[in-house]
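Presented below is the structure to which this report refers.
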Amino acid sequence: MTAIKDTTPITDGYSMPSEFSPHDGTIMIYPTRPGSWGKDRSAALKAFGEIYLEILKRENLYILTDWEHYKEAEEFLTSLIEDYESREEASEPETTEPETDRLYILPIDSDDAWARDVGPTFLTKKGRDLRAVNWAFNAWGGAVDGLYASWNKDDAVAEAFCELYETDYYDAAPFVLEGGSIHCDGEGTVMVTESCLLSPGRNPDLTKEQIEEKLKTYLGAEKVLWLPRGIYNDETNEHVDNVCAFINPGEVVLAWTDNTEDPQYELSKADLEYLESVTDAGGRKLKIHKLPIPDYPVAVQQEDLDNYEFEEGEDTREAGERLAASYVNFYFINGAALVPQFGGPNADSDKRALEILKGLCPGRQIIGIDARAILLGGGNIHCITQQVPEI
């Protein structure tokens, strides 16, 4: 399909819809990198598999994988669906079932499985037309503080998907951006964090004002909200999708803790004070809901560390390292929301997050996913998914 370089989305009347709008489907990448998912990938595949099934019950699922793992991915998905169907036959059937005709396995290579950050950002236009944006990707910081040494395959994912999906796309390169660094309300407002978008490894030659103009131009936005910080120890320079998310126009959930001794407290407090001081593109004061982080830090254990196999130049981990656990990193699908769960001493925290989101999202099924294995990879449910809007 065509790479559009002589015009821009805002000129052509395109803008980014909200995640909570109807989807055609979701893009995900089959996880294989041993530095993220381990030499033994069974825990990661179990978590990814639960997400695959929930998506297939409600919308299309586009799984990207290289040719080396294509057959493995195909067999895994087939077995996953068959096992689910056999379990359902032995119990009370659900009202929604995964549908195999919604599954598309596409031969697209990548360096890792962060579909949110390397996939295209989709835009719509009145009249239900669809286009996309291809951003430059440099592994969350390039030579300054990028998380691995080579990212050429990841940087090519968005264009490759647009070709197979037959969607024209705007080429925003060399402007560096990841999908997890933006949240849109579908009505002209974009949320970002200063800690991420102003980090020296992304667009160091651009001022804050120039970066904001790029966001407005390529997302068809009217206003950018600059939250100061994200989640403590988030190795993406604190992506917004881990700390704050739109659940409706003018309404957000914010990661929170009442524990003043927790390093997250000051970060969330700064965000709350900022959000209380601003209005959105429609001139509305924001309705802010606190979504507490896990009561107990989620950390890398020695057995986790033993399972990693890092490449040269890849960011490593250490036993006891605190991971950037947050329930805000949930993902909306048609009729539901998939919410991270961390287990262990955080069982009560997990339940609390589900109850809060049930109250805030009436009409949606709120589904907990055991996501610790995804968190060990460096992100969470929102980070491994990218929505394709319905047209």
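Report yes if some residue within region 283-290 is of a type in the set (Val, Ile, Thr), over 28 Å from Glu314 (Cβ atoms) and either open to solvent by 20 Å² or more (accessible area, probe 1.4 Å) or not in a loop (DSSP other than H, G, I, E, B) (or both); otherwise report no. Yes; the residues of region 283-290 include at least one that is of a type in the set (Val, Ile, Thr), over 28 Å from Glu314 (Cβ atoms) and either open to solvent by 20 Å² or more (accessible area, probe 1.4 Å) or not in a loop (DSSP other than H, G, I, E, B) (or both).
Residue under question is Tyr232, and the condition is that it be in contact with a Phe, Trp or Tyr (Cβ under 7 Å, 6 or more places away or on another chain), crowded, with 22+ Cβ neighbours inside 10 Å and at pLDDT 95 or above; does it hold? It is false that Tyr232 is in contact with a Phe, Trp or Tyr (Cβ under 7 Å, 6 or more places away or on another chain), crowded, with 22+ Cβ neighbours inside 10 Å and at pLDDT 95 or above. Here is the figure for region 147-181: residues that are among the aliphatic types (A, V, I, L, M), in contact with a helix residue (DSSP H, G or I) (Cβ under 7 Å, 6 or more places away or on another chain) and more than 19 Å from Thr385 (Cβ to Cβ) total 1. Of the residues Glu321, Glu390, the single one that is under 26 Å from Leu103 (Cβ atoms), acidic (Asp, Glu), at pLDDT 95 or above and over 16 Å from the mean Cα position of the chain (by Cα) is Glu390. Total residues in region 195-215 satisfying the condition of being open to solvent by 20 Å² or more (accessible area, probe 1.4 Å), of a type outside the set (Ser, Thr, Tyr) and in contact with a Gly (Cβ under 9 Å, 6 or more places away or on another chain): the figure is 1.
Just one residue in the set Glu303, Glu311 is outside any loop (DSSP other than H, G, I, E, B), farther than 14 Å from Asp234 by Cβ and open to solvent by 30 Å² or more (accessible area, probe 1.4 Å); that residue is Glu303. Just one of the numbered conditions (1) surrounded by fewer than 17 Cβ atoms within 10 Å (Cβ to Cβ); (2) within 24 Å of the chain's Cα centre (by Cα); (3) within 27 Å of Ala347 (Cβ to Cβ) is not true of Asn248: (3). Would you be able to say whether some residue in region 161-174 is out of contact with any Phe, Trp or Tyr (no Cβ under 6 Å at 6 or more places or on another chain) and under 24 Å from Gly35 (Cα atoms)? The answer is no; no qualifying residue exists. Here is the figure for region 101-127: residues that are over 19 Å from Glu59 (Cβ atoms) and among the basic types (Lys, Arg) total 2. Meeting the requirement of 2 or more residues that are open to solvent by less than 20 Å² (accessible area, probe 1.4 Å), touching a residue at least 24 places away in the same chain (Cβ under 8 Å) and more than 27 Å from Ile182 (Cα to Cα), the helices (runs of 4 or more DSSP H) wholly within region 1-116 are 70-89. Filtering region 331-359 to residues that are open to solvent by 10 Å² or more (accessible area, probe 1.4 Å), closer than 19 Å to Leu375 by Cβ and not in a helix (DSSP H, G or I) leaves Gln341, Phe342, Gly343.
Each row is one residue, and each column tells you yes or no for (1) within 19 Å of Asp234 (Cα to Cα); (2) surrounded by 19 or more Cβ atoms within 10 Å (Cβ to Cβ).
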{"position": "Arg128", "(1), (2)": "no, no"}
{"position": "Ala132", "(1), (2)": "no, yes"}
{"position": "Phe137", "(1), (2)": "yes, yes"}
{"position": "Trp140", "(1), (2)": "yes, yes"}
{"position": "Val157", "(1), (2)": "no, yes"}
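The number of residues in region 325-376 being within 13 Å of the chain's Cα centre (by Cα) and of a type outside the set (A, V, I, L, M, F, W, C) comes to 5.
How many residues does region 144-155 contain that are out of contact with any Phe, Trp or Tyr (no Cβ under 7 Å at 6 or more places or on another chain) and surrounded by 17 or more Cβ atoms within 10 Å (Cβ to Cβ)? Total meeting the criteria: 1.
Of the candidates Tyr296, Tyr274, the single residue that is over 30 Å from Ser150 (Cβ atoms), in contact with a Gly (Cβ under 8 Å, 6 or more places away or on another chain), in contact (Cβ under 8 Å) with a residue 40 or more places away in the chain and open to solvent by 50 Å² or more (accessible area, probe 1.4 Å) is Tyr296.
The values are calculated or read from the model by the stated rules, or taken from the named source; none is laboratory data. This is a predicted model, so every value here is computed, not measured. As a convention, Cβ positions derive from the backbone with ideal geometry for all residues, glycine included, and neighbour counts pool all protein chains shown. Protein only, heavy atoms only, side chains kept; ligands, DNA and RNA dropped before computing areas. Shrake-Rupley method; radii C 1.70, N 1.55, O 1.52, S 1.80 Å.
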